[in-house]
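Only one structure is covered here, and it is reproduced in the block below.
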Amino acid sequence: MASEIELVDIQAGYGRAAPVLRGLTVSVPAGQIVCLVGPNGAGKSTVLKVASGLLKPRSGKILVGGVDVTGQGPQRMLASGVAHVLQGHSVFREMTVAENVLLGGYTLKDKALIAERTAFVKEVFPVVAQRWNSLAGLLSGGQQKQVEFARSLMVNPKVVLLDEPSMGLDPKATTTVFEQVVRMRDAGTAVLLVEQNARRALETADLGCVLDLGRVHISGPAPQLLADPQLGELYLGGRPAEPTAIPKR
Amino acid sequence: MPSASEPTTAPATTSPATAPPTGAGTTRRRTADRVVQVVAVVLLAAAVLAFPSLAPNPYILSAGVVVLNYAVLSTSWSFVGGFTGYISLGHGALAGLGGYGTALLVTKAGLPSFVALAVAALLVAALAVPIGFAALRVRGASFVIVSIALVLILLLVFQSWASLTGGSRGLVVPRPFPDLLRPEHHRVFYYLFAGLLALALLAWWMIDRSRFGLGLKAIREDEDKAEALGTPTFAYKLVVFVVSAAFTALGGGLYALWFGDLDPVFQFSILTGSYLVLMALLGGVRNLFGPLVGALVVGIGLEYFKVEFGDTQLHLVATGLLLALVVLFMPDGVLPAIGSLLGRMRPAQNSIREVTAAELRDQRVAAAGAPAAREPVDAVASTAGERAQSTEERA
């Protein structure tokens, strides 16, 4: 299956500190949700920062749709089809939902295309259509998250990077948000998902990768990972004695 | 592994039944708001235009010119301060540059007054490119400090370079209409300032509605996020800074032609910049007419206190007191405060939750043709029940 985005043997870190990612390889196939889970400090968010161009890797390669885009900045990555939905609430609170969504399509110049994408995201996220003229800051946490999703879909990205979409949401809103993630996938966008809420995330995802100390320790179909007894141990912060050999796809 | 055939992907309850009435009410309210706004603007414009005929004496008329000058400068300031949230205390210096530029082009280069005004504004706009390029790299408090530094540097230059600027002895600007008597002179300049103000407001309004304006407001909200979404933030800030500088220079230049005498201490004063910020904040910084309303309040207040307390620093104390009162009781500014006061007189607006749980259940029953599995509470949580079931099956 063709990969929308592929990170190959990535080494990355902040400043002069020790690398956070040490030879990480992840690929997101078209039309699939790939979920990264792992303990705090495993490098989950860093993977997304590298993938969206916010952090330049020290070595390794980033391929989007088979094209090498290593070292490009966030705007170029966005143009290549990689949209990043940041951790926490990142709507522009004092602007309307409409303005937020239109900002998502800011790089689009064609008015007809903007209208088409707007209609599309309104259809995928009914809440966005309902609250179109409200100030985004007045929406509930789950609704704001959907506005962010809608904003990221405006550019018709190949892959959307979601950093902890359930952060700060109650279980009900979390359910809604994960449903919307599935809707995004079904609308044709591949998703790379990072979550603390590992069980829920794996239930939603197609593929899962367990990260620890900057490497992928286990990867495979998400249901298979859910059934893995070692996952619990890993997620609680322990480490497996040796990298487990569930064969990669 | 979830697949497209799962019920989770069915369209969520969009509750179309509840949308139309809410929408119609909102539209009606918006139309009413629009009418009120248009009436208010027409009244304001009429009051501004009628003022010279109503002013009892030339002094009051000249005070009106001063207030309009402040309105022009404060509106020009809000191109940067209002849209991008970059608080510049240095706009007094840009006005001073416009004033001196106009004066020097008239006296040294012999240009006609209003040609000199336009050329000076263009020169200041050109100068604003490197100034903005340097200053707009820093944000928040650092930007404020840089903008103050601009004022102080220019003050020193214009005081020391006496051979060109006349230094502290001042610079006399020839009057553009030498045969007009003083009251007529004030009247003509009053209308010139009113025209310039209208031009600045029109430009602000057009930017506010544009794609460019949307990007600028995103910068004000969160510059990093705006950049991540593909807004060319630095270029936008620079362009709007140059536009702001050009209008400020026009205001300063027109002042020079009107007042006829420039002194670096007053032209390059941090106090001027602070007044502009105070006016914009007081009126409502994100509002088209905020700076104008602020200029009316602060400008009239300044003049009144000067008359009342004479040539002492007491008028500054009184102005400070005014600021304190506004910050205490109308922190968002006068116009937003009036807006929320009007809003309070209306019937309560619908809250976040537009449908009750019972209504939602009925809708779902109607939509699905089967009893709902669980009682939904949130309008957005649509198929929580099915979702939970399907995941249980998979696990």
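A short reminder: the numbers here are calculations on the coordinates, not readings from a lab. Keep in mind the model is a prediction, meaning the values are calculated, not measured. As a convention, Cβ positions derive from the backbone with ideal geometry for all residues, glycine included, and neighbour counts pool all protein chains shown.
When 1/r is averaged over all different Cα pairs and the result inverted, which Kirkwood radius in Å belongs to the range A:3-235?
On the way: mean 1/r = 0.0564 Å⁻¹.
Kirkwood radius, the range A:3-235: 17.7 Å.
Averaging the sequence gap over all C-alpha pairs within less than 8 Å and six or more residues apart, then dividing by the number of residues, gives the range B:64-336 a relative contact order of 36 percent. Taking all Cα pairs closer than 8 Å and separated by 6 or more residues, the relative contact order of chain A comes to 26 percent.
Here the range A:150-203 and the range A:5-40 have alpha carbon centers that stand 18 Å from each other. When we measure straight from the Cα of B:K237, which aspartates and glutamates land under 18 angstrom away, once same-chain ones fewer than 8 places off are left out? List returned: B:D208, B:E221, B:D222, B:E223, B:D224, B:E227. Computed from the alpha carbon positions, the gyration tensor of the protein assembly as shown leads to an equivalent ellipsoid with semi-axes of 57, 30, 19 Å, biggest first.
Could you state the number of Å between the C-alpha centres of the range B:186-250 and the range B:157-174? With the range B:157-174 and the range B:186-250 each reduced to a Cα centre, they are spaced 31 Å.
On average, how many beta carbons from a partner chain sit within 10 Å of the beta carbon of a residue in A:163-170?
Counting Cβ atoms of other protein chains within 10 Å of each residue's Cβ and averaging gives 0.
As a proxy for reagent exposure, ranking B:R220, B:R361, B:R28 by other Cβ atoms within 10 Å from fewest up yields B:R28, B:R361, B:R220.
What is the sum of charges around B:A63, taking Lys and Arg as +1, Asp and Glu as -1, for the other residues whose C-beta is under 11 Å from the C-beta of B:A63?
On the way: positive: B:K306; negative: B:E303.
Local charge sum for B:A63: 0.
Holding the Cα-Cα limit at 32 Å, pick out from A:K122/B:K217; A:K44/A:K172; A:K61/B:K217; A:K109/A:K172 the pairs that are longer than that. Beyond 32 Å between Cα atoms: A:K61/B:K217; A:K109/A:K172. For the range A:215-229, take each phi angle, set θ = phi - 60°, evaluate the Karplus expression 6.51 cos²θ - 1.76 cosθ + 1.60, and give the result in whole Hz per residue in order, putting x for glycine and proline. 3J(HN,Hα) across the range A:215-229, in whole Hz: 10, 7, 8, 9, 9, x, x, 4, x, 5, 5, 4, 7, 6, x.
Ranking of B:F329, B:F143, B:F177 by neighbouring Cβ atoms within 10 Å, starting from the fewest: B:F329, B:F177, B:F143. Within the shell of other residues whose beta carbon sits under 12 angstrom from the beta carbon of B:A40, the net charge comes to 0, with Lys and Arg scored +1 and Asp and Glu -1.
With Cα atoms as the point set, the range B:69-134 shows a radius of gyration and Dmax of 12.9, 39 Å. In the range B:64-336, the inverse of the mean reciprocal separation of distinct Cα atoms equals 18.8 Å; this is its Kirkwood hydrodynamic radius.
Taking each residue in A:133-144, count the Cβ atoms of any other chain within 10 Å of its Cβ, then average. What number comes out? Don't skip to the answer; put the middle values down first.
Numbers: counts 3, 2, 0, 1, 1, 2, 2, 5, 0, 3, 4, 0.
Mean shielding count: 2.
Among the chymotrypsin sites (Phe, Trp or Tyr not before Pro) found in the range B:161-213, those both in a DSSP coil and sparsely packed, with 13 or fewer other Cβ atoms within 10 Å of their Cβ, are B:W161.
Cα gyration tensor of the range A:37-98, axes a ≥ b ≥ c as square roots of the eigenvalues: rounded (a/c below 1.5), prolate (a/b > b/c) or oblate? Oblate, because a/c is 1.5 or more while a/b does not exceed b/c. In order along the range B:253-263, phi translates into HN-Hα couplings of x, 5, 4, 4, 5, 6, 6, x, 8, 10, 9 Hz, rounded to whole numbers, per the Karplus curve 6.51 cos²θ - 1.76 cosθ + 1.60 with θ = phi - 60° and x for Gly and Pro.
When A:M167, B:M345, B:M279 are ordered from fewest to most other Cβ atoms inside 10 Å of their Cβ, what list results? Present the calculation step by step, with values, prior to reporting the outcome.
Details: A:M167 16, B:M345 6, B:M279 30.
In order of increasing Cβ crowding within 10 Å: B:M345, A:M167, B:M279.
Where a ≥ b ≥ c are the square roots of the eigenvalues of the C-alpha gyration tensor, would you call the range B:142-204 rounded, which needs a/c under 1.5, or, failing that, prolate if a/b is larger than b/c, or oblate?
oblate
Note on chain A: GNM, Cα springs under 10 Å; of A:P126, A:P74, A:P29, the largest mean-square fluctuation is that of A:P126.
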